[in-house]
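The values are calculated or read from the model by the stated rules, or taken from the named source; none is laboratory data. Just so it is clear, the model here is predicted, and its values are computed rather than measured. All Cβ positions, glycine included, derive from the backbone under ideal geometry; neighbour counts span all protein chains shown.
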Amino acid sequence: MMDVACVHVRSAAVTDTGWWPFLQRHLDERGWTATDLAVKARINASTVSRWKSGAEVTVANARTIAEVLGAPPLAVFIAAGIITEQEAQLRETEPDARRLTNAALLAELKRRIESADVVHVPSAEEIAGDPSRFSSGGSARRRSRGTDKDA
């Protein structure tokens, strides 16, 4: 994962100048033309040309440009106007349940159970008082299929 400070420093210059100046700077550093970029990125040359006029960049194309230039994807996304610097600095993500400690997982389960709708679990007395109300009919089905050993 990239250091946030590094992204911030690079992206500050990027957002001041826009997408095409960002690309042009990278092209100049490499001695490439816009056509060279299009070929290396396998992007239609007319798409690259439209970027000079301010056309929007897709996420897929920005990802490809980041790979081809060897530039940090966040810096490219900021330059392309896909995300802002503030969005690039956000780090909140969904946790991977496999990486949670047992204590954290149990705490989350407890929180969910306590906030869930209460489900009534019948007592033994309720079941004994009206067994047909709580019967699933499972035994009858097993006997009819010949799977019940007592049949």
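If you scan region 50-82, which residues turn out to be of a type outside the set (D, E, K, R), over 22 Å from the mean Cα position of the chain (by Cα) and under 20 Å from residue 30 (Cβ atoms)? Show your work before the answer.
Start the filter on region 50-82 by keeping residues that are of a type outside the set (D, E, K, R), which leaves 51, 53-55, 57-62, 64-66, 68-82.
From what's left, over 22 Å from the mean Cα position of the chain (by Cα): 51, 53-55, 68-70.
Within region 50-82, 51, 68, 69, 70 qualify.
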### Message
For the condition touching a Leu at 6+ places or on another chain (Cβ under 7 Å), within 19 Å of residue 18 (Cβ to Cβ) and in contact (Cβ under 8 Å) with a residue 60 or more places away in the chain, what is the one hit in 75, 88?
### Response
88
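Quick test for you: out of 113, 82, 127, pick the one residue that is out of contact with any strand residue (DSSP E or B) (no Cβ under 8 Å at 6 or more places or on another chain) and assigned by TED's automatic domain parsing to the domain that holds residue 58. Don't jump to the end; show me each part of the working.
Working: 113 fails: assigned by TED's automatic domain parsing to the domain that holds residue 58; 127 fails: assigned by TED's automatic domain parsing to the domain that holds residue 58.
That would be 82, the only listed residue that is out of contact with any strand residue (DSSP E or B) (no Cβ under 8 Å at 6 or more places or on another chain) and assigned by TED's automatic domain parsing to the domain that holds residue 58.
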### Task
Test each condition in (1) surrounded by 12 or more Cβ atoms within 10 Å (Cβ to Cβ); (2) over 24 Å from the mean Cα position of the chain (by Cα); (3) more than 15 Å from residue 22 (Cα to Cα) for residue 108 and report the one that comes out false.
(2)
### Query
Across region 34-57, which residue is nearest to residue 78 (Cα to Cα) among those that are loosely packed, with under 13 Cβ neighbours inside 10 Å and of a type in the set (S, T, N, Q)?
53
